[in-house]
1. List, by residue number, every residue in the stretch B:159-175 with a reduction of 40 Å² or greater in accessible area between the chain on its own and the complete protein assembly, 1.4 Å probe.
2. Checking an interface number: how much accessible area is buried between B and A, summed over both chains, with a 1.4 Å probe, in Å² rounded to 100?
3. Does anything in the stretch B:44-65 have its amide N under 15 Å from the 7 Å Cα→Cβ label point of B:Ala74, and if so which residues?
4. Could you list the GluC sites (Glu not before Pro) in the stretch A:243-334 that lie in coil according to DSSP, counting only those with at most 15 other Cβ atoms within 10 Å of their Cβ?
5. With each label point set 7 Å from Cα along the Cα-Cβ vector, what nm distance links A:Asp247 and B:Glu161?
6. So who's got an amide H within less than 5 Å of the one on B:Leu55, skipping anything under 5 residues away but keeping other chains? H placed 1.01 Å off N, in plane.
7. Starting from the amide H of B:Ala95, placed 1.01 Å from N in the peptide plane, find each other amide H under 5 Å away whose residue is 5 or more places distant or on another chain.
8. Can you classify the stretch A:92-131 as rounded, prolate or oblate using the Cα gyration tensor, where a ≥ b ≥ c are the square roots of its eigenvalues, rounded means a/c under 1.5, and otherwise it's prolate if a/b beats b/c and oblate if not?
Amino acid sequence: MSGAEDVNYYFRKAARVMDLSTRVERMLVTPFREVKVDVSITLDNGELGTFIGYRVQHDNSRGPMKGGLRYHPSVDMDEAQGLASLMTWKTAVVNLPFGGAKGGIAVDPARLTPREQERLTRRFVQQIHDIIGPQRDIPAPDVNTNAQVMAWIMDEYSRMHGFSPAVVTGKPLDLFGSRGREEATGRGVVMALTEYLADAGRGAVRGKTFALQGFGNVGSWTAHFLHEHGGQVVAVADAGGGTHAADGLDVPALLDHARAAGTVAGFVGGEAITNEALLALDVDVLVPAALGGVITEANAADVRASIVLEAANAPTTPKADELLQTRGVTVLPDIWVNAGGVTVSYFEWVQNIQQFSWDEDRITSELGRHMRDAYATLARVVRERKVSFRTAAYIVAIGRVGRATTLRGV
Amino acid sequence: MRGSEATKVVRSVLCRGLTHEQTDQIVSAMVPVTVEPGALVLREGERGQGLLVLLEGSVEIVKRGVDGHEVPIATAEAPSVLGEMGLITDRPHSATVRALTPCSFNLLTRSQFDRLLKGESLAAYKVVATLAEVIAWRLSRMDDKVVELARRRDCPPPVEELAAFKQKLFSEWNF
């Protein structure tokens, strides 16, 4: 699910196109800093719980490092490394003044009580407080971490360093969070698609058909905005199952159902459909919005959509990516498409530093500017260098990071 | 330096494996020479007088580069042998030797050496063998130097690699 190797694969592909030396490649891939800490807490039953926390800071040539903190048993140094570098390239593609980082704790939070989760989070902050900070490294929510966890981090860090809301993003609205943060990724995904369709002369979202895999934060907000733009969402699936209606699902009703039931399965407005069948539906746009590695060598040939919109991180394996490309399917890559989340995180950080809050219109219009500017640059590279959007995105990112690195000097 | 000490030095650098009588034969064919600091001992391009055994002091060896400037090659300290090529071949000196401190030498002129060879002096032939050893050692050091220079030219230092990367990003890959 990490896609860490895929990140390196796509990076190397772009590096080959740019004919970078292996030594320069190694310099760009090597993380700035890797930290592994003991996070021990007393559990509610009095026993000692010991967990391992990680933080990888990949690159800070363009600014403080930024990236999520996840609580998941699969978290380890390898995964954090790949994802930290992905954040470096992603922030560079949308031109945010940030570098990349990632980390978390190897733990299944479902087995911890909220009090234990709070102690765990505070203990982790105590262990890494000297390497994070508003001008060093700014964590954000990720797998199994949410606004409440960010609030604890802000509080614990502020106890040690004084009032510092800008040390994390994705905070609750009532505690220096930003308007539009929750829906940011989904909004950005639809903005990305709109830009591409208009530029490629392929019309608009209105009237197009969509199949979405994943209906968590990103999937559900993507569905919401597609519906708002007149798109026809014909199928949605999540871990609990799927639902399908050939003439379009009633998205607001589906959102209500999913909120109540915790899954899209069992929605009365559609027929059941499996995840595999959803990938092979005859739709205009396929939107993987949940897990990594869902479009593989095994099922890429079944994809009938002409556009794959990567709302999730690393949903397409490198082999599948090549298969789709040879079949003429346009893949709009994750490092640009889902960068809306980190972009609004950046706005949250800016507002915290300004001690001023922006209204939703400003958030939306600034997000649109970043997504559009990024697209204009990517489209130019695609046209001039005859590469895929994904390779173009890595080329742009490597260029920006490399120019900052060499201007600062090593 | 007293004659007996000079004999010891000559023996250590030039007459290893010679009997005392043979060493005396070589030493008695030599003439003592002293040089002030800064003075030239040998001049590049000039016909050699013969071989010099540096008994005391230190010298620097310099060679004229293609641009006419002198490039220091090495320094040598007593005890050492200089001008050995001039004893065997008729070629002019390949480098200039300048005294860094007050130096004293024993000079074995070519004509004296030729006389010993003509007289089928075993001592002289043994000296030739020692010189061959000295020349072989200096040649192998030269080989190392050539390899080092070639390597330096093949791969540019890392700073240049980074500069090339920067140049590439600001020209060919600037979007």
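The values are calculated or read from the model by the stated rules, or taken from the named source; none is laboratory data. What you see is a predicted model; the values in this text were computed from it and never measured. All Cβ positions, even for glycine, are placed from backbone atoms using ideal geometry, and neighbour counts span all protein chains on display. The protein model used for the area step is the full one, side chains on, heavy atoms only, and it has no ligands, DNA or RNA in it. Shrake-Rupley method; radii C 1.70, N 1.55, O 1.52, S 1.80 Å.
1. The answer is B:Glu161, B:Leu162, B:Phe165, B:Lys166, B:Lys168, B:Leu169, B:Phe170, B:Trp173, B:Phe175 - residues whose exposure falls by at least 40 Å² when every protein chain is included.
2. Summed over both sides, the interface buries about 1600 Å².
3. Output list for this probe position: B:52-54, B:58-63.
4. Listed in order of number, the matching sites are A:Glu297.
5. For A:Asp247 paired with B:Glu161, the spin-label model returns 6.5 nm.
6. B:Ser104, B:Phe105, B:Asn106
7. Answer set, sorted by chain and number: B:Gly45.
8. Prolate shape, in that a/c is at least 1.5 and a/b is the bigger ratio.
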